[in-house]
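> The structure's right below; bear with me while I get my questions together.
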Amino acid sequence: MQIARIALDVPLPRLFDYRLADGGVEAVGRLATVPFSKGTKIGVVVAVQDHSDQPEDKLKTAELIDGLAALPADWIALCEFCARYYQHPLGQVMAFALPPLLRKGKQPRNLKQKVGAGETAPTSHAATPDQQMAIAAITNAQGFQTFLLHGVTGSGKTEVYLQAIDAVLAAGGQALMLVPEIALTPQLESRVSARFPGAQVVSAHSGVADAARARAFLAAQDGRADIVLGTRLSVFMPLPRLKLIVVDEEHDASFKQQEGLRYSARDVAIFRAKQRGVPIVLGSATPSLETFHHATSGRHTKLDLPLRAVATSMPTVLTVDTRKQKLQDGLSQELIDAISERLRRGEQSLLFLNRRGYAPVLACPACGWISHCRRCAANMVVHLADRRLRCHHCGLENAIPNACPDCGNLDIQPFGRGTQRLEAKLVERFPEARILRIDRDSADSPKKWQALLDAIHAGAADILVGTQMLAKGHDFPMLTLVGVVGADAALFAADFRAPERLFSQLMQVGGRSGRAALPGEVLIQTEYPDHPLYQALVAHDYDAFAREQLAEREAAGFPPFTFQALLRAESEALSRALEFLHEAVSRAPTFQEVLRYDPVPMRLVRLKNRERAQLLVESRSRPALQAYLTEWMTQLHTLKTPRDLRWHLDVDPLEY
């Protein structure tokens, strides 16, 4: 009798044994329908053997699903790595990695995939000497090698990717290219399709319809797809001819999944490149400090693009000391004058404020009432355009009250500044200007987002007001001024990663200016003009900033010099979450190389009416931490918990 070991989408770190109706060893990688509990489930056959630890008469029968090819061995091994490293049940990893349609054992009706943009002629640009050196290094790589392509904004990193992909396609291989956000995928897909009109290009991200996503997965699996473009989930696409992986904007936090399987697509991509023996390119103008550390210590190969490919120079970056003047609607005189000059010259300006809404809070100056969210430990944000208070954490909405709910005072006021308020003040100050606001409220669908981008490219906007949505991946030839408003708060945030994120945001958004023939300028309003972070921005010196940050992290024992994991628990009562964590501590193994901290409430302790707590474990040895977590999780899965309590482990966390 043959026994199938099947991974099922259940929160248990184990496989399940079933009799195999037919198929034998060929069943490995096939999807199968099995009886489970009082119903049926679909799982993946991971192994076939001739015995089971379960009594033979207790085994039920698995039925293989016809019409779907077996998933390849390297895909199964990739999922096993994720299950092992991120301490997540294998069945849930596989269910996550499969498109929803295939997860249900179905396949799309029409398996044909649109091929490229056949009528478009390929257009390549003459590579600069720096680009040529980078392309040669990547295309000449023998086997697995990790490259950091560190190029300033506008240096032509995408051109390097495309020429490296061209070489891969010419040799009969497939390429996988990851980008951080859905918004960047359509424009990149158009560019890649135009460049490779004969290639089959498929997209994979959460915005793709289920049938299209399943078609893309199957096209990649059977080798019909030549290039796969997508966000973090596309790292799980099966690619039999894979010869190159590219991770664009590798520093971006959106490559880390923050729920369910909490994986880093960048790190999984590196594992996959090593698994398949192919080169991987990590591209960024502001690499993550972990990647920069690996590149400077020799673990990765560093390729530099220090010059812009089209523009003759980097934008001039200046700080505006706001301690010495009274701001006018949040704007300094220098910034007002610079905007006026761009309007006179017919050029575009961008004001960057990474806070959407009209104001962060509504308050009563008489009694001190504040617009707190009743479901979260956060304030509700004023959205004046539609007269709503919104929580940006849980989505709760209320109408803006006409008077203070506590004392009846009619003079309740918005405090602070968001993109809507800045937009309103700019309309008053520059009535002749065409002003566009770009944030998650104004661009809440792909169609609206594309319409806004088209308007900017068409020259239908003079002043842009935007959040980090505008900070990366966009070329606006007429944009010559970037003004940064309200960035100082991030200098003193509790999160040790906050300076890294701020530097990256400001360098990326500043890089939107002066990308064509017109020179660019960046004005940063700040009360701390001498801060080392701003001084590094003025000098365009990422290396100096990174080395200083790494020295601080090494002294403090922070990543990348230690490896961390967070055990989090949430419940309707904080006491139950903390009680679970204390019980988890009592079950924890003792490893001399692993340091465990006490359970504490999370910084945002209440979210969506649930109270949250966490405890941190860390080690200077990754293998020691992994061994500790494996032993610990075995114990944690035996704990009985209250029905309202949920817990999870986050390996290599980015949020604390």
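The values are calculated or read from the model by the stated rules, or taken from the named source; none is laboratory data. Fair warning: this is a prediction, and the values are worked out from it, not measured in the lab. Cβ: placed from backbone, ideal geometry, glycine included. Neighbour counts: every protein chain shown.
> Quick one: which residue in Leu625, Leu616, Leu595, Leu629 is among the hydrophobic types (A, V, I, L, M, F, W, C), closer than 30 Å to Gly395 by Cβ and touching a residue at least 24 places away in the same chain (Cβ under 8 Å)?
Leu616
> Given the residues Glu432, Glu397, Glu423, which is the only one that is among the acidic types (Asp, Glu) and buried (at least 16 other Cβ atoms within 10 Å of the Cβ)?
Only one candidate passes the filter, namely Glu423.
> What do you reckon, is Leu491 in contact with a His (Cβ under 9 Å, 6 or more places away or on another chain) and either over 23 Å from Glu181 (Cβ atoms) or not assigned by TED's automatic domain parsing to the domain that holds Glu347 (or both)?
Spelling it out, Leu491 is indeed in contact with a His (Cβ under 9 Å, 6 or more places away or on another chain) and either over 23 Å from Glu181 (Cβ atoms) or not assigned by TED's automatic domain parsing to the domain that holds Glu347 (or both).
> Further question on the same structure: Within the set of pairs 6+ apart or on separate chains, which have a first residue in the range 263-280 that is farther than 13 Å from Leu176 by Cβ, a second that is small (Gly, Ala, Ser), and C-beta atoms under 8 Å apart?
What qualifies is Gly277/Gly143.
> Suppose we filter the range 54-93 for residues that are touching a Phe, Trp or Tyr at 6+ places or on another chain (Cβ under 9 Å) and closer than 16 Å to Phe236 by Cβ; how many remain?
Residues that pass the stated criteria total 10.
> Further question: Pick out the one residue from Leu362, Leu353 that is within 34 Å of the chain's Cα centre (by Cα), buried (at least 17 other Cβ atoms within 10 Å of the Cβ) and farther than 20 Å from Leu453 by Cα.
Residue meeting the stated conditions: Leu362.
> Do you know which residues across the range 125-151 are among the β-branched types (Val, Ile, Thr) and either surrounded by fewer than 18 Cβ atoms within 10 Å (Cβ to Cβ) or modelled with pLDDT of 95 or more (or both)?
If the condition is that a residue be among the β-branched types (Val, Ile, Thr) and either surrounded by fewer than 18 Cβ atoms within 10 Å (Cβ to Cβ) or modelled with pLDDT of 95 or more (or both), then Ile135, Ile138, Thr139, Thr146 are the ones that fit.
> With Glu570, Glu579 as the choices, which residue is buried (at least 20 other Cβ atoms within 10 Å of the Cβ) and more than 30 Å from Thr291 (Cβ to Cβ)?
Exactly one residue qualifies, and that residue is Glu570.
> Sticking with this structure for a sec: From the list Val651, Val594, Val585, Val617, pick out the single residue that is surrounded by 18 or more Cβ atoms within 10 Å (Cβ to Cβ) and either more than 27 Å from the chain's Cα centre (by Cα) or on the phi > 0 side of the Ramachandran plot (or both).
Val594
> Kindly establish whether Val247 is in a helix (DSSP H, G or I), under 14 Å from the mean Cα position of the chain (by Cα) and hydrophobic (A, V, I, L, M, F, W, C).
No.
> Something else now. When residues of the range 435-474 are filtered for being loosely packed, with under 13 Cβ neighbours inside 10 Å and among the acidic types (Asp, Glu), how many remain?
Residues that pass the stated criteria total 2.
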